[in-house]
Amino acid sequence: MNESFETAKIPVAVVGLGLMGSSITTCLLIAGHPVIGIAPIESDLQHAAGRILENLELSLKEGLIEDDPKSFMQRLIISANYDLLKKCRIIIECTLENIDVKKSVFEKIEAVISPDAILTSNTSAIPISDLQRLTQHPERFYGLHWMIPAFTTRFLEIICGEKSDIANAEWLYKLAHQWAKEPTLMKKDIRGFLNNRLMYAMYREAFYLVENGYATVDDIDRAVRNGPGYWITLMGIFRWMDLTGIPAYHAVMKDLFPTLSNTTEVPALIDDIVKEGGTGVINGNGFYSYTPEEAKCWADTYAEFSFDLRKLALKYPIDIVDKKLSKLA
Ligand SMILES: NC(=O)c1ccc[n+]([C@@H]2O[C@H](COP(=O)([O-])OP(=O)(O)OC[C@H]3O[C@@H](n4cnc5c(N)ncnc54)[C@H](O)[C@@H]3O)[C@@H](O)[C@H]2O)c1
């Protein structure tokens, strides 16, 4: 196992340069890796470099990088040719969320990569053990689940499937700290991984409250922004219970759990929107409606906010208390 974490010596590839692939490539360039971007679709070949440069320019404006964005682009090769993957140590598949597309892409990747290369997928929800069965070498296959914008967020899930070699996953976990991530290593696969399981439990309850007339969509958003939104970036949920007194949670759970939604149906509220063609800010129709100006302003404001939140998260890393106490010692 290669124990080096010198990013300049670890060539990485991203296959599929859409929204996420471009964002992940930006993160890897900022971290110092040489990057091969495989863009098998013509429109990506034309536009991906521009999208990545735009991300780097924004990063310069927001103080994430200090050097000329063009100097980062010198470490990037974008091509439709899978043969360029030969020398890469890590390959990040980032194509459509479609198992047939992913299978055909894995075949093309595995036809050229070296036996000790690590193959990963940025799938949002397909179980890693299922994807792993589509590969020739399941032991070197992992989920690597990023959050948009991948070059500002601290989130990264590294997921082992049933047959993954844990040693590679541990190496990825350490390396991900060079990407300015505060990663999570899941040694056991489960549908939805970690973050989506937690979030979907919350989405289900939110739909239940709206559909049964207890609150509006707007009420829920305000409550989440100002409730968990106020403490969650600092301490997650278990430390929050420690900080605020565990017996109270124990008492509430006994009475509240039986009343929480456990429906297995997709809620009518989201079903109706989808049936009517609503996509959210993309076409202006979602839980709220948007003019094109409002839609763009929300996307821009989220990008601005993610840089600010990153600064705050970096100021309060997971070992903040250890650091403070060691200064006193
Ligand atoms: N968008 C998000 O916030 C997000 C977050 C986490 C994970 N993901 C996952 O990342 C992956 C990519 O999502 P995205 O949002 O970037 O989608 P996207 O539609 O922006 O990009 C998909 C890319 O796949 C390419 N592609 C299509 N068919 C292909 C083929 N046959 N061979 C090779 N490439 C092909 C497209 O040209 C495009 O570049 C998906 O699995 C998605 O579920 C997305």
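Where only DSSP H runs of four or more residues are counted, the chain gives -15000 deg cm²/dmol as its mean residue ellipticity at 222 nm, each run worth -39500 (n - 2.57).
Using only the Cα atoms of the range 239-313, construct the convex hull and provide its projected area averaged over every direction, in square nanometres to one decimal. Reported value for the Cα convex hull: 8.3 nm².
Considering only 231, 171, 146, the mean-square fluctuation computed in a Gaussian network model of the chain, springs between alpha carbons under 10 angstrom, is largest for 231. Principal axis extents of the Cα atoms in the range 118-174, from largest to smallest and rounded to whole angstrom, are 33, 23, 14. Basic side chains Lys and Arg get +1 at the Cβ, acidic Asp and Glu get -1 at the Cβ, and with that the dipole of the chain about its Cα centre reaches some 1000 debye. Taking 7 Å along the Cα-to-C-beta vector as the label spot, tell me the residue 103-residue 248 distance in nanometres, rounded to one decimal. It is 5.2 nm. Annotation for residue 170 and residue 112: the two label points, set 7 Å from Cα along the Cα-Cβ direction, are 3.3 nm apart.
A Gaussian network model of the chain, with springs between Cα atoms under 10 Å, assigns the largest mean-square fluctuation among 268, 111, 125 to 268. Entry note: the chain has Rg to Rh equal to 0.97, where both radii use alpha-carbon atoms and Rh is the Kirkwood radius.
Here the range 195-329 is described by how far its Cα atoms reach on the three principal axes: 62, 41, 22 Å, from widest to narrowest. Pairs of Cα atoms in the range 1-65 fall into 10 Å distance bins, from 0 up to the last occupied one, in shares of 22, 48, 25, 5 percent. Would you work out which of 289, 123, 244 lies farthest towards the positive end of the dipole of the chain? Charges go on Cβ: Lys and Arg +1, Asp and Glu -1. Working it through, the farthest residue towards the positive pole turns out to be 244. In straight-distance terms, cross-link reach from residue 327 covers every one of the aspartates and glutamates whose alpha-carbon lies under 17 Å from its own, apart from those fewer than eight places away in the same chain; here that gives 319. Which angle between 0 and 90 degrees, to the nearest 10, do you get for helix 166-176 versus the longest principal axis of the chain when only C-alpha atoms count? The two axes meet at around 80 degrees. Please give every one of the lysines within straight-line cross-link reach of residue 323, meaning a C-alpha to C-alpha distance under 27 Å, and leave out same-chain neighbours fewer than 8 residues apart. Candidates past the 8-residue exclusion: 174, 181, 311, 315. Within the range 1-125, the proportion of C-alpha pairs whose separation exceeds 21 Å stands at 37%. In the chain, the portion of solvent-accessible area held by carbon and sulfur atoms comes to 59 percent [1.4 Å probe, whole percent, DNA, RNA and ligands not counted]. Fully extending the segment from residue 163 to residue 71, taken as 0.36 nm per residue of separation minus the present Cα-Cα distance, adds 29.2 nm. The calculated FRET efficiency for residue 133 paired with residue 328, based on their beta-carbon distance and R0 = 51 Å, is about 0.45. Under the simplified labelling scheme, the residue 262-residue 187 pair shows an inter-label distance of 3.0 nm, with each label point 7 Å from Cα along Cα→Cβ. Tell me the angle of helix 99-110 to the major Cα principal axis of the chain, expressed in degrees between 0 and 90 and rounded to the nearest ten. Between the helix axis and the principal axis of the chain, the angle is about 30 degrees. Here the convex hull built on the C-alpha positions of the range 139-278 has a volume of 176 cubic angstrom per residue.
Of all the options 207, 141, 193, the one that moves most in a Gaussian network model of the chain with Cα springs shorter than 10 angstrom is 207. Relative to the longest principal axis of the Cα atoms of the chain, the long axis of helix 19-30 makes an angle of roughly 60 degrees. In this structure the range 1-120 gives 46 Å² per residue of accessible area when probed at 1.4 Å with all protein chains present.
The values are calculated or read from the model by the stated rules, or taken from the named source; none is laboratory data. Owing to the predicted nature of the structure, the values given are computational and were not obtained by experimental measurement. Note that we place each Cβ from the backbone using ideal geometry, even for glycine, and neighbour counts take in every protein chain shown. Side chains are part of the model used for accessible areas, which takes the heavy atoms of the whole protein and leaves out ligands, DNA and RNA. Shrake-Rupley method; radii C 1.70, N 1.55, O 1.52, S 1.80 Å.
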